[in-house]
Amino acid sequence: MKGIVYEEYAPDDDFKKILKIKDVDDPKPKSNEIVLKLKSSALNYNDLWGMRGVPIPVPLPHISGSDAAGEVVAVGEDIQNFKVGDRVVSHSNLACRTCAMCTSGREFDCAKRLVWGFQTGPLWGAFAELVHLPETNVSKIPEGVSFDEAAAASMTILTSWHMLVGRAKITPGQTVLIMGGGSGVGSFGVQIAKLYNCTVIATASKNKLQKCLDLGADYAVDHRQEDWHKEVRKITKEIAQKEGKSPGIDLTFDHIGQTHFNKQLTLLNYGGTLVSCGATTGYDAKIDLRHVFFKGINVLGSTQGTKAEMEAGLYWMGRGKIKAEIDSIHSFEQAAEAHTKMLKGDFFGKILMKPEGA
């Protein structure tokens with residue numbers, strides 16, 4: 001089979017220099033594994049981190065990719081729930097399944113957890129013509145959901161659902177701030193919050209604001225403006241007048257990190273919640289602790305989620321209540337261009353890649 005392989009890091013972000021299409025041995029399924037023919041895959045920021053070699057030096061030679069959707073072409077001898085021809089999508093959280101965390105339903109907190117396609121290898125990720133995964137890391141794609149949509153949703157709908165539903169315990173009627181609503185995870189965050197009948201304020205760069213509104217956000221604010229938080233505060237006052245509630249944010253959904261973290265804290269109501277799954281602008285956030293202890297704010301971390309949470313999101317996609325926003329689709333030969341596009345941030349939703357003929 002062919003896969004997108006790199007054998008050295010690119011700390012200078014010269015992805016074209018290291019990404020090569022190479023012939024790799026076809027995978028043979030272990031007794032508990034499934035092999036699928038890739039129809040579509042999606043890019044994530046961990047693919048960039050992998051090529052840089054920081055913050056984690058990934059195994060080399062490396063095939064990246066944590067989102068894969070395709071058709072089952074082979075199954076191991078112990079597989080009973082899947083058969084050749086099934087349409088499936090990956091669940092990228094590889095956990096031991098036997099520790100106390102895993103057996104209590106918290107496989108995302110497993111000490112042995114690995115993100116498939118990022119920490120795995122050598123040569124084990126989604127950007128290949130054939131992909132193998134344990135049965136526990138594969139889900140069937142609902143009717144009405146395409147391979148492209150499933151690939152676009154795999155990690156991002158899992159992350160968003162876990163953040164809002166699993167960790168923050170979102171409830172109907174809340175005022176929810178979705179940071180970076182134009183990203184893959186943010187676009188699902190907007191839709192999940194609306195599914196729960198919340199009032200949603202999304203932030204994005206100026207050219208993405210209308211698309212956030214089209215997704216269902218009630219308001220959209222340009223977070224590249226220095227005083228973006230003042231605009232959000234003004235909106236919460238308007239909401240408070242309409243609904244007879246205290247002005248402020250009940251729940252803020254963050255993956256931007258350093259540059260916007262403390263301003264989110266200032267916007268939160270008493271007892272409000274900030275849930276974070278990442279820090280694309282940096283990890284060293286300045287925090288005014290007075291906002292945390294005086295207002296009784298909850299600051300929650302969130303990483304990936306359970307297979308059941310991914311399947312909950314896919315269920316609502318199958319019902320037409322949530323959709324995957326797909327920015328662009330690239331061939332394997334265009335891998336460097338696709339990753340550079342993500343690096344520059346000039347996209348809305350998910351960037352996909354697929355092999356020739358998929």
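The values are calculated or read from the model by the stated rules, or taken from the named source; none is laboratory data. In this text, all values refer to a predicted model and were calculated from it rather than measured experimentally. For neighbour counting, all protein chains shown are included, and Cβ atoms are generated from backbone atoms with ideal geometry for every residue, glycine included.
Brief remarks follow.
- When residues of region 68-92 are limited to those that are closer than 11 Å to residue 134 by Cα and assigned to a strand (DSSP E or B), the one nearest to the chain's Cα centre (by Cα): 90
- Lone qualifier among 65, 50, 3 - being small (Gly, Ala, Ser), buried (at least 20 other Cβ atoms within 10 Å of the Cβ), part of a strand (DSSP E or B) and in contact (Cβ under 8 Å) with a residue 12 or more places away in the chain: 3
- Residues of region 121-178 that are of a type outside the set (S, T, N, Q), part of a helix (DSSP H, G or I) and within 19 Å of residue 352 (Cα to Cα): 147, 148, 149, 150, 151, 152, 153, 155, 157, 158.
- Subset of region 197-220 (residues that are outside any helix (DSSP H, G or I) and either assigned by TED's automatic domain parsing to the domain that holds residue 350 or touching a residue at least 24 places away in the same chain (Cβ under 8 Å) (or both)): 197, 198, 199, 200, 201, 202, 203, 204, 205, 216, 217, 220
- Qualifying residue in region 336-353 (condition: under 18 Å from residue 164 (Cα atoms), touching a Gly at 6+ places or on another chain (Cβ under 9 Å), buried (at least 17 other Cβ atoms within 10 Å of the Cβ) and among the hydrophobic types (A, V, I, L, M, F, W, C)): no
- Residues of region 281-298 that are surrounded by fewer than 17 Cβ atoms within 10 Å (Cβ to Cβ), within 18 Å of residue 177 (Cβ to Cβ) and touching a helix residue (DSSP H, G or I) at 6+ places or on another chain (Cβ under 8 Å): 287, 288, 292.
- Any hit, region 100-114, residues being charged (D, E, K, R), surrounded by fewer than 18 Cβ atoms within 10 Å (Cβ to Cβ) and in contact with a Leu (Cβ under 9 Å, 6 or more places away or on another chain): yes
- Subset tally (residues that are within 20 Å of residue 280 (Cα to Cα), touching a strand residue (DSSP E or B) at 6+ places or on another chain (Cβ under 6 Å) and not in a helix (DSSP H, G or I)) for region 221-251: 3
- Looking only at region 6-47, and only at residues there that are of a type in the set (Lys, Arg) and part of a loop (DSSP other than H, G, I, E, B), the one that is surrounded by the most Cβ atoms within 10 Å (Cβ to Cβ): 30
- From 286, 323, residue being over 29 Å from residue 12 (Cα atoms), of a type in the set (Lys, Arg) and out of contact with any strand residue (DSSP E or B) (no Cβ under 9 Å at 6 or more places or on another chain): 323
- From the options 256, 329, 297, 287, residue that is assigned by TED's automatic domain parsing to the domain that holds residue 103 and either charged (D, E, K, R) or in contact (Cβ under 8 Å) with a residue 12 or more places away in the chain (or both): 329
- Considering the conditions (1) under 24 Å from residue 219 (Cβ atoms); (2) surrounded by fewer than 19 Cβ atoms within 10 Å (Cβ to Cβ), residue 273 is excluded by exactly one of them, (2).
- The listed residues are 149, 143, and the only one of them that is buried (at least 24 other Cβ atoms within 10 Å of the Cβ) and either at positive phi or not assigned by TED's automatic domain parsing to the domain that holds residue 278 (or both) turns out to be 149.
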